[in-house]
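Asks: Here's a structure for you.
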Amino acid sequence: MSITIPPQQALRESATFACRLCGHPVTPQAWGGGECNDCDSTSMPVPPSAAEIAAFYARYNQNYTGGGASAGRNLERYAKRYLQIVRRWRTGGRLIDIGSSNNPFPSRAAAAGFDTTMMDFVKPPSLAASVRFIEGHMNDEHALAAGAGVFDVVTSWAVMEHVPDPPRSARVLAGLCKPGGLIVVSTPEAGTTLTRYAIGHSPWFYPPEHLNLISPNAFKSMFSPLGCTLRHWGRLELSWPRY
């Protein structure tokens, strides 16, 4: 299928657009997005519609293998790391994972003793029978119907860069988490010393999949008003040469 992306000439000639993370005026660039000088994030002027996104991800699981020529091996490696990260803070309880596609993390979490729910556009064929599946996504606050304020752990691995409205998705993640619970989010790095001069050319920004690159400052600005406190920030990379 195809996703409607504004023509590059139109982007160059258009006025500024509001940053999807903080609302600050951003000048669109020829590569399809714009860098915010206020929050150091990258977003695009006109993201795909909800219908276009749903149609795109309806077939996403068919080809998602974790990147490159790994044939799915990276998915297993990441799932193992994800579980290690969660277990630093929680060793059990109700966990919901949103948008992991074919990544086996939900199945690993269930095998480790978590009461696990997975939410996504399409149920992956390899999902363990012990994992509840709910059709949905964090682009829509209807996702809170999965259980507002009832989950001890809410995870979203490499998903925030895919959503058209990250602040709304932050509200969904926080809304699903019980008071005192844990939210774990991973996303490509942006807005730091190592990335500040490469964002506009970063391979991580490629609509219609990656619609935003979110800086640490933008994350804090999104989650702090929701009653969340940052407990840990770090880098997660399987391949240091690639990093």
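The values are calculated or read from the model by the stated rules, or taken from the named source; none is laboratory data. What you see is a predicted model, and the numbers here were worked out from it, not measured in a lab. Reconstructed Cβ throughout: ideal geometry from the backbone, glycine too, with neighbour counts over all protein chains shown. All accessible areas refer to the heavy atoms of the entire protein, side chains included, with ligands and DNA or RNA removed. Shrake-Rupley method; radii C 1.70, N 1.55, O 1.52, S 1.80 Å.
Asks: In the stretch 80-130, how many residues are aromatic (Phe, Trp, Tyr) and surrounded by fewer than 23 Cβ atoms within 10 Å (Cβ to Cβ)?
Replies: Going through the stretch 80-130 one residue at a time, the tally reaches 2.
Asks: Across the stretch 50-64, which residue is most open to solvent (accessible area, probe 1.4 Å) among those that are assigned to a helix (DSSP H, G or I) and under 16 Å from Ser100 (Cβ atoms)?
Replies: Within the stretch 50-64, the match that is most open to solvent (accessible area, probe 1.4 Å) is Gln62.
Asks: Which residues, taken from the stretch 140-163, are farther than 20 Å from Ser215 by Cα and in contact (Cβ under 8 Å) with a residue 60 or more places away in the chain?
Replies: Asp140, Asp152, Val153, listed by residue number.
Asks: I'm checking my understanding of the structure. Among residues of the stretch 139-168 that are farther than 24 Å from Cys22 by Cβ and part of a helix (DSSP H, G or I), which one is least open to solvent (accessible area, probe 1.4 Å)?
Replies: Among residues in the stretch 139-168 that are farther than 24 Å from Cys22 by Cβ and part of a helix (DSSP H, G or I), the one least open to solvent (accessible area, probe 1.4 Å) is Ala146.
Asks: Please give the number of the condition Arg235 fails out of (1) within 24 Å of Ile85 (Cα to Cα); (2) open to solvent by less than 40 Å² (accessible area, probe 1.4 Å); (3) assigned to a loop (DSSP other than H, G, I, E, B).
Replies: (2)
Asks: Can you tell me which of (1) under 19 Å from Pro48 (Cβ atoms); (2) basic (Lys, Arg); (3) assigned to a loop (DSSP other than H, G, I, E, B) is the one Lys123 doesn't meet?
Replies: (1)
Asks: Related question: Take Ala218 and decide whether it is among the hydrophobic types (A, V, I, L, M, F, W, C) and open to solvent by 40 Å² or more (accessible area, probe 1.4 Å). Quick ask: steps written out before the conclusion?
Replies: Working: among the hydrophobic types (A, V, I, L, M, F, W, C): yes; open to solvent by 40 Å² or more (accessible area, probe 1.4 Å): no.
Against the criterion (among the hydrophobic types (A, V, I, L, M, F, W, C) and open to solvent by 40 Å² or more (accessible area, probe 1.4 Å)), Ala218 does not qualify.
Asks: Something else now. Checking the condition in contact with a His (Cβ under 8 Å, 6 or more places away or on another chain) and under 26 Å from Gln62 (Cα atoms), which residue from Pro106, Pro188, Pro207, Pro166 passes?
Replies: Answer to the check: Pro188.
Asks: Just a yes or no: is a residue in the stretch 30-47 hydroxyl-bearing (Ser, Thr, Tyr), open to solvent by less than 70 Å² (accessible area, probe 1.4 Å) and over 25 Å from Ser221 (Cα atoms)?
Replies: First, pick out the residues of the stretch 30-47 that are hydroxyl-bearing (Ser, Thr, Tyr): 41-43.
Filter once more, so that each one left must be open to solvent by less than 70 Å² (accessible area, probe 1.4 Å): 41-43.
Now drop any that are not over 25 Å from Ser221 (Cα atoms), which leaves none.
No.
Asks: Going through the stretch 173-220 one residue at a time, which ones are of a type in the set (D, E, K, R), at pLDDT 90 or above and either more than 15 Å from Glu161 (Cβ to Cβ) or assigned to a strand (DSSP E or B) (or both)?
Replies: Within the stretch 173-220, Lys178, Lys220 meet the criteria.
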